[in-house]
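Peer 1: Got a structure for you, written out below as structure tokens; questions coming shortly.
The values are calculated or read from the model by the stated rules, or taken from the named source; none is laboratory data. Remember, predicted model here, so these are calculated numbers, not experimental data. Using ideal geometry, Cβ is built from the backbone for each residue, glycine included, and neighbour counts are taken over all protein chains shown. Each accessible area value is taken on the protein alone, full model and side chains, heavy atoms only, with ligands, DNA and RNA left out. Shrake-Rupley method; radii C 1.70, N 1.55, O 1.52, S 1.80 Å.
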Amino acid sequence: MLTATNIFVQYGDRVLLDHVNVIIKNKDKVGLVGRNGAGKSTLLKILAREISPMAGDITQPSQTTLAFLHQEIEIEQHRTVIDETMLAFSALQELNAQIDKMNEEIATRTDYESTSYFDLLEKFSTLNEQYAYLGGDSAEGDAVKVLQGLGFKQGDFSRKIKEFSGGWQMRVVLAKMLLKKPDYLLLDEPTNHLDIESIIWLEKFIQNYQSAAIIISHDQQFLDNCTKRTIEIELGRVQDYNAGYSKYLILRKDRREKQVASFENQQKAIAQKERTISRFMAKATKTKMAQSMQKQLDKVERIEIEPEDVGAMNILFPPAPRSGQIVVDVKNVVKNYGDLEVLKDISLTIEREDRVSFVGQNGQGKTTLAKIIVDQLSSTQGRIDLGHNVTIGYYAQNQAETLGGSRTLLETMEDHSPPEMRTKLRSILGAFLFSGEDQEKKVSVLSGGERARLALACLLLNPFNLLVLDEPTNHLDILSKEVLKNALMKYDGTLIIVSHDRSFLTDLTSRTVEFRDKKLYEYLGDINYFLKKRELDNLRQVEMHKTAAKGNDGNKKNGKKSGKTNNSNAAKPSLSKEDQAKLKELEKAVKNAERKISNLENEIKDFETKMAVDGFYNDPKSAEVLEKYNSKKQELDMAFAKWEEVVEAQGSIG
């Protein structure tokens, strides 16, 4: 067990962790929750021994390993993605070097009967077993599987780390951590730089992970899918709930209500006894009894209501000035970065009061198009026209990091404020939970969540009728995200939002634009509609095949009932001999295609049965199975295409 005992941390007058105790068992999946600045990241850093508490101890069993993913990364920029990822197997590589050296020694020695030779063989055998147990034979396949799960393509493996953004570099660090399979996996906001598909992949990985994981995340659905225990940090104290996030919220509310009820009942009982004591003290004959009752009352352990952090931002976007009906008109835009083509001949029209979300894998061009729209990036070809009287408010993905660290909060607001808003800056900062002396703090001392709040406060200083928000929920706690979402629901302008946060996007937008393979695909609904629609799209081919198969079976049955053979030549005597021959050949091709489709579907079903087994992704052979599975799916797609081709040709003749 990983144990934190009596941990105490204080910054200035503020007690961050007040002698807290935490125990993490071997296979725990724990969500660490609390408001921004509550001390979550501090506790993780203490558990990882990156910082030391003012008081308290951390104990970790010997021979166990721990890995910590945090927001500040250091990575060698000149290695390739695959080379950097393979460093996760440095211990295996050292083991392999020992095995190779011993193999050479065995090949050259001739003292076959000596004790030292037998010892060498025994050690050689032990090291080989250890190498196999640690997955040495499948190391590269495992690395490829994890990198692909996190969104990298085969062509990315040989690219230098320096060619990727900070978010993608963070994925390489995460891949190395997952491949090391530590006994204690500490993850601080792992989803911040992941797209929806990669988040789903990471959820499955953690669900099947055989060791402990402690996760800080503001993605409620991610916590629900990954954790079964929740540790809350609030005002220096820790509360432990044996439940995932959604159930924790219910248990927390129930616990609070019971605590308040117990407190109120005790206060009533105490007040009643105090009245009795006062009455008895007034009578000489009952003074002794009153004194005895007072002593008993003094010994009663008083119930206290634990303090609760109920502070919340107060966001209200200024009314949007009226714009023209067409707000943004994207026409045949192409965007290349050198030889890399990101967007290819895309077009998109956004009208007044449209609420549009940009979704898709990272690197598909969501942020690129957002930057082109706000004129922070130029397109390679094509044009973007803004409508009449369009004024843009832009929140960049790294907006919080662009704030000047040497400026105070108030100075930062002044830098972004028009003259007429200067008198309101302190009250706006107060609405974002920065009050009193906090407003004179340097930006450099703020946490990630506090910086994000400050950046949002700056956005409220001017009225805009087009808001373009790129990952605005990164670093915001769950309550702050809800406040921001409610404010955006009331916003009366046009909204473009880039996000991978499913719960945040739900019901917030009415159009979803997916970026995929350099193109745009539009869905007239929110994120849940988009996800459902994509699933239905994937099933259409299967349904089409089933319908076709049923039709062919029906024809065969009808042929038997009427005593006729199922022969199209007899049914169509007017066809030329050449067409009859072609039709016969096509009928054979249809049957062969349907037979192949049926066989492939059975094989794919067998693979999916294997993949559904617990622990599949920890099996060294899983990479080989996944490769074959993907290959069969490609074959199935080709078989369907062939089937459609021959059926269409058959119809054109018959």
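Peer 1: Could you list all residues from the stretch 485-496 that are in a loop (DSSP other than H, G, I, E, B) and either free of Cβ contacts under 8 Å to residues at least 12 places away in the same chain or of a type outside the set (Gly, Ala, Ser) (or both)?
Peer 2: Tyr491, Asp492
Peer 1: Quick check on the stretch 304-311. Is at least one of its residues without any contact (Cβ under 8 Å) to a residue 12 or more places away in the chain and under 30 Å from Ile216 (Cβ atoms)?
Peer 2: yes
Peer 1: Only one of (1) within 27 Å of Leu223 (Cβ to Cβ); (2) part of a loop (DSSP other than H, G, I, E, B); (3) in contact with a Leu (Cβ under 9 Å, 6 or more places away or on another chain) fails for Leu461. Which number is that?
Peer 2: The number of the failed condition is (1).
Peer 1: Now for a separate question. Within the stretch 164-211, how many residues are assigned to a loop (DSSP other than H, G, I, E, B), acidic (Asp, Glu) and open to solvent by less than 20 Å² (accessible area, probe 1.4 Å)?
Peer 2: 2
Peer 1: Tell me, yes or no, whether the stretch 473-484 has at least one residue that is modelled with pLDDT of 85 or more and part of a helix (DSSP H, G or I).
Peer 2: Scanning the stretch 473-484 turns up at least one residue that is modelled with pLDDT of 85 or more and part of a helix (DSSP H, G or I).
Peer 1: Could you check how many residues of the stretch 260-275 are charged (D, E, K, R) and farther than 14 Å from Gln294 by Cβ?
Peer 2: The total comes to 2.
Peer 1: Further question on the same structure: Given the criteria within 15 Å of Val238 (Cα to Cα) and part of a strand (DSSP E or B), does Asp18 qualify?
Peer 2: Yes, satisfied.
Peer 1: Ok, one more. On the given criteria, is Gly151 open to solvent by 20 Å² or more (accessible area, probe 1.4 Å), small (Gly, Ala, Ser) and either under 23 Å from Leu186 (Cβ atoms) or part of a helix (DSSP H, G or I) (or both)?
Peer 2: no
Peer 1: Another question, then. Of all residues in the stretch 403-433, which are modelled with pLDDT under 80, open to solvent by less than 50 Å² (accessible area, probe 1.4 Å) and in a loop (DSSP other than H, G, I, E, B)?
Peer 2: Selection gives Leu403, Gly404, Gly405, Phe432.
Peer 1: Can you tell me which residue within the stretch 228-251, out of those that are in a strand (DSSP E or B) and among the polar types (S, T, N, Q), is nearest to the chain's Cα centre (by Cα)?
Peer 2: If we take residues in the stretch 228-251 being in a strand (DSSP E or B) and among the polar types (S, T, N, Q), then Thr230 is nearest to the chain's Cα centre (by Cα).
Peer 1: Further question on the same structure: Across the stretch 115-148, what is the number of residues that are of a type in the set (D, E, K, R), under 30 Å from Asn192 (Cα atoms) and either open to solvent by less than 50 Å² (accessible area, probe 1.4 Å) or modelled with pLDDT of 85 or more (or both)?
Peer 2: 2
Peer 1: Across the stretch 368-391, which residue is modelled with the lowest pLDDT among those that are of a type in the set (A, V, I, L, M) and open to solvent by less than 50 Å² (accessible area, probe 1.4 Å)?
Peer 2: Looking at residues that are of a type in the set (A, V, I, L, M) and open to solvent by less than 50 Å² (accessible area, probe 1.4 Å), I get Leu377.
Peer 1: Next up: Give me the strands (runs of 3 or more DSSP E) completely within the stretch 26-122, filtered to those with at least 1 residues that are touching a Leu at 6+ places or on another chain (Cβ under 6 Å), ordered by residue number.
Peer 2: 29-33, 66-69
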